[in-house]
Amino acid sequence: MSSRTSDVLVVGGGIIGLVTAWRAALRGFSVTVADPEPGRGAARVAAGMLAAVTELHYGEQTLLGLNLASAERYPDFAAELADVTGQDLGYRRCGTLAVALDADDRAHLRDLHALQRRSGLASEWLSGRECRRLEPMLAPGVRGGLRVDGDHQIDPRRLARALLTACERAGVVLHRSWAERLDVVRDRAAGVTAADGTALAAGQVVLAGGSLSGRLAGVPEPVLPPVRPVKGQVVRLTVPERYAPFLSRTVRAVVRGSHVYLVPRENGELVIGATSEELGWDTTVTAGGVYELLRDAHELVPGITELPLTETLAGLRPCSPDNAPLLGPTGLDGLLLATGHHRNGVLLTPVTGDALAHALACGELPDEARPFTPLRFSRSELPV
Ligand code: GLY
């Protein structure tokens with residue numbers, strides 16, 4: 001059996017695993033990432049909204065603090081990553097417009113606006129006419145909306161590609177195989193055994209396996225992350241040159257109780273998302289899912305029916321019991337988590353990389369990440 005030893009072994013090469021690996025390598029750690037296809041994962045499906053303000057939910061004010069901290073870091077983070085890799089990340093400071101289609105939506109959006117203001121967030125109420133002046137493709141029935149100029153977007157596929165390049169340039173070793181089993185030696189995480197039989201020994205292990213994080217064999221039951229998959233189906237359209245600019249910012253709404261958003265990229269891609277379904281590890285794209293997305297998006301922006309449909313895809317959000325991530329040391333020495341990011345993985349990428357690199361170096365989380373310790377879900381005390 002072959003073997004390799006690193007300071008840090010990261011299980012999972014999605015954007016969260018890669019940013020952790022990159023940031024850890026910049027701190028001087030030798031790092032290995034175990035993943036058969038690094039750079040894929042849920043980011044391949046995600047729309048890439050950086051929506052700290054428009055995705056604010058009641059009861060999630062603690063998460064809001066982390067979301068805002070990450071949004072604030074995005075300009076420098078994106079500039080550094082673009083500089084290191086020479087790649088365009090599709091980072092677009094375009095803002096977001098959340099609109100209402102009927103009286104109920106309008107009341108809901110008014111409540112959200114009040115909550116945003118109480119939370120000290122910048123958003124502006126617009127009449128239906130003002131919304132259409134901003135985005136002429138909006139349906140005539142739009143009754144009002146919230147203009148949030150601070151909620152931007154990035155292309156998650158480009159982000160993943162750039163993080164992969166940054167990792168390679170920083171000397172991160174990519175081991176292209178599943179981590180099959182956590183190896184625990186004398187009550188301490190000591191590495192993993194990969195599906196190809198390689199023993200990947202490490203001083204510290206970061207479990208960043210997205211919705212699969214709770215399934216790694218060998219992780220003692222009390223520290224297994226309580227994450228579950230929440231399916232999201234997404235449709236991609238293309239805006240031909242002659243229709244540009246179709247939308248100049250992200251447009252979103254809640255239609256019949258479901259979130260729908262349209263994210264226009266500079267390269268002409270228009271991402272419409274997303275369903276939210278609790279169906280285990282099923283990633284089937286269904287006629288019903290695509291129908292609902294197109295129906296709801298069509299109510300907001302009727303002109304989408306003219307656009308070529310270029311892709312349909314489903315992915316799995318890793319969701320924790322309180323919808324917030326699990327970051328940092330666990331009850332098992334040497335094992336850290338970076339998972340459970342649910343709807344905010346792309347947004348939380350910069351702050352997660354920083355928090356995990358800090359935790360790997362100092363043994364504890366930085367202040368802004370402390371509320372997200374996995375220990376908040378500890379079910380019983382070790383020893384295991
Ligand atoms: N953040 C958007 C989604 O998860 O659908």
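The values are calculated or read from the model by the stated rules, or taken from the named source; none is laboratory data. All figures in this text were calculated on a predicted structure; none of them were measured in a lab. Using ideal geometry, Cβ is built from the backbone for each residue, glycine included, and neighbour counts are taken over all protein chains shown.
Here are the numbers for the structure shown:
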read-out: Scan of the range 187-242 for residues that are among the β-branched types (Val, Ile, Thr) and in contact with a strand residue (DSSP E or B) (Cβ under 6 Å, 6 or more places away or on another chain), ordered by number; value: Val192, Thr193, Val205, Val206, Val219, Val227, Val230, Val234, Val235, Thr238, Val239
read-out: Flag for Pro329 being modelled with pLDDT of 95 or more, in contact with a strand residue (DSSP E or B) (Cβ under 9 Å, 6 or more places away or on another chain) and closer than 19 Å to Gly59 by Cβ; value: no
read-out: Unique match (being out of contact with any His (no Cβ under 7 Å at 6 or more places or on another chain) and more than 17 Å from His57 (Cα to Cα)) among Gly280, Gly257; value: Gly280
read-out: Count - residues of the range 69-91 that are of a type outside the set (Asp, Glu) and surrounded by fewer than 20 Cβ atoms within 10 Å (Cβ to Cβ); value: 10
read-out: Sole residue being away from the ligand (no atom under 16 Å from the Cβ) and either within 28 Å of Leu138 (Cβ to Cβ) or among the charged types (D, E, K, R) (or both), chosen from Glu278, Glu306; value: Glu306
read-out: Inter-residue pairs, beta-carbon under 8 Å, first closer than 18 Å to Ala314 by Cβ and in the range 256-274, second of a type in the set (Gly, Ala, Ser) and surrounded by fewer than 18 Cβ atoms within 10 Å (Cβ to Cβ), 6+ apart; value: Ser258/Ser276; His259/Ser276
read-out: Unique match (being at pLDDT 95 or above, touching a Phe, Trp or Tyr at 6+ places or on another chain (Cβ under 7 Å) and more than 25 Å from Leu309 (Cα to Cα)) among Ala199, Ala190, Ala194; value: Ala194
read-out: Members of the range 212-231 that are buried (at least 20 other Cβ atoms within 10 Å of the Cβ), outside any loop (DSSP other than H, G, I, E, B) and either in contact with a Leu (Cβ under 6 Å, 6 or more places away or on another chain) or of a type in the set (Lys, Arg) (or both); value: Ser213, Val223, Pro229, Lys231
read-out: Test for Ser30: is it within 30 Å of Thr193 (Cβ to Cβ) and among the polar types (S, T, N, Q); value: yes
read-out: Cross-chain or 6+ apart pairs with Cβ under 7 Å, the range 55-75 first and under 21 Å from Gly273 (Cα atoms), then surrounded by 20 or more Cβ atoms within 10 Å (Cβ to Cβ) and charged (D, E, K, R); value: Glu55/Arg343
read-out: Among the residues listed as Glu37, Glu60, the single one being surrounded by fewer than 24 Cβ atoms within 10 Å (Cβ to Cβ) and more than 16 Å from the ligand (Cβ to nearest atom); value: Glu37
read-out: Residue satisfying condition, being in contact with a strand residue (DSSP E or B) (Cβ under 9 Å, 6 or more places away or on another chain) and either at pLDDT 95 or above or under 19 Å from Gly210 (Cβ atoms) (or both), within set Ala357, Ala369, Ala361; value: Ala369
read-out: Residue within the range 243-262 that is outside any helix (DSSP H, G or I), surrounded by fewer than 20 Cβ atoms within 10 Å (Cβ to Cβ), in contact with a strand residue (DSSP E or B) (Cβ under 6 Å, 6 or more places away or on another chain) and of a type in the set (D, E, K, R) present; value: no
read-out: Flag for Val234 being modelled with pLDDT under 95, within 16 Å of the ligand (Cβ to nearest atom), crowded, with 17+ Cβ neighbours inside 10 Å and among the hydrophobic types (A, V, I, L, M, F, W, C); value: no
